[in-house]
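The values are calculated or read from the model by the stated rules, or taken from the named source; none is laboratory data. All of these numbers come straight from a predicted model, not from anything done at the bench. Glycine gets a Cβ as well: all are built from the backbone with ideal geometry, and neighbour counts include every protein chain shown. For the accessible areas, the whole protein counts, side chains as well, though only heavy atoms, and no ligand, DNA or RNA atoms are used. Shrake-Rupley method; radii C 1.70, N 1.55, O 1.52, S 1.80 Å.
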Amino acid sequence: MNRRSFLRHSAGAGAVALLSQSKIWASPPPHALGFHFTDATSTAGIHFRHNNGAYGGKLLPETLGPGCAFIDYDADGWQDILLVNSMDWPGHARQRSTPKLYRNNRNGTFTDVTHDAGLDIEMYGLGVAVADVCNYVKWSPEHDVFCSLDGKHKSYCTPEAYVGQTCWLFRNRGNGTFEDATASSGIFDSSSKSLGVALLDYEQDGWPDLLVANDTQPNKLYRNQRNGTFRDVAVDAGIAFSQEGKARGDTRSLHNCF
C-alpha cells in the first residue's frame, strides 16, 4: 500500500482486517538467506523513540516518519548517527522530544552527544540528508486544510490538498558554518512535494548528484555540473514519471535507483 492509499483508509470508522501477527513477522528459514541479523540497538547505546505528536487532530505531518543520517560530524573518520525527531503540538504537550546525535565510540557503541552538540532542542523534523534538506508541502497548523470522508469527521488529507515547497541546499563553508545555496545551485523548485532525498553518483564521474523523490509531482534528478550548480535530468534519465507517464505517489523511486 502506498502512502496515499494509507491516508484514505486510515481516517474513517469501519471494519479493519487484522492479520495474524505471527504471519506478518514470520521468519524465513535460516538456510534461505545464508545470514541473519541481531538487534543491537540497545547494546550499542541507541535509545530513540519517534514522537509524531498525534492527539486526534489528524494533522498532515503526523503521517510522515522521522529522518536518519550517517555523518562523521567530528571528522574522526568514523560514522556517527543523527536521528531527527518531531514533537508535541502546541496546546497538547505530553512529553519533550528532541533530535539525537550519537557519536561513534569506535567499538560498536555510541554516546549521546545531543546536548554537547547544541541539538537538544525541540523541532518538528521530518527528514534529513547530509548537505541537503527537503520539505514536503507548504503546511502550518494555522492553514491546515479540512478533509473528510463523510463530510463530518476530519481525516488526513492527501498531498493534492496542499501546494509544494522547495528543497534547500546548504553549502559547507569549511569553517563550521553553512550558507544557503538553494537558488544559486539551481535546485529551487516551489512545486516539489519531497518525501525523500538521496546523494548518489549516478553517472560515476566522481561527483555527487541529488535524487529527490516527490509525492504526486515529478521526481527530480539533479546532475552535478562540477561548478557548484545542478541541472535536473530526471526526464532524460527516465525517472521523473512512471511508465504510464504519471507522477508517482510514494518513495519507491529512491529504491528503484539502487
Q: Identify all residues within the range 144-172 that are among the charged types (D, E, K, R) and free of Cβ contacts under 8 Å to residues at least 40 places away in the same chain; write none if there are none.
A: LYS152
Q: Could you list, in sequence order, all residues of the range 214-240 that are assigned to a helix (DSSP H, G or I), without any contact (Cβ under 8 Å) to a residue 24 or more places away in the chain and either among the hydroxyl-bearing types (Ser, Thr, Tyr) or open to solvent by 10 Å² or more (accessible area, probe 1.4 Å) (or both)?
A: VAL235, ASP236
Q. When you look at VAL145, is it within 18 Å of the chain's Cα centre (by Cα), open to solvent by less than 60 Å² (accessible area, probe 1.4 Å) and at negative phi, yes or no?
A. no
Q. Out of the residues in the range 148-171 that are hydroxyl-bearing (Ser, Thr, Tyr) and modelled with pLDDT of 80 or more, which is surrounded by the fewest Cβ atoms within 10 Å (Cβ to Cβ)?
A. SER148
Q | Residue that is surrounded by the most Cβ atoms within 10 Å (Cβ to Cβ), among those in the range 105-124 that are in contact with a Leu (Cβ under 8 Å, 6 or more places away or on another chain) and at pLDDT 85 or above | A | THR114
Q) Do you know which of the residues in the range 172-200 that are open to solvent by 70 Å² or more (accessible area, probe 1.4 Å) and not small (Gly, Ala, Ser) is modelled with the highest pLDDT? A) PHE188
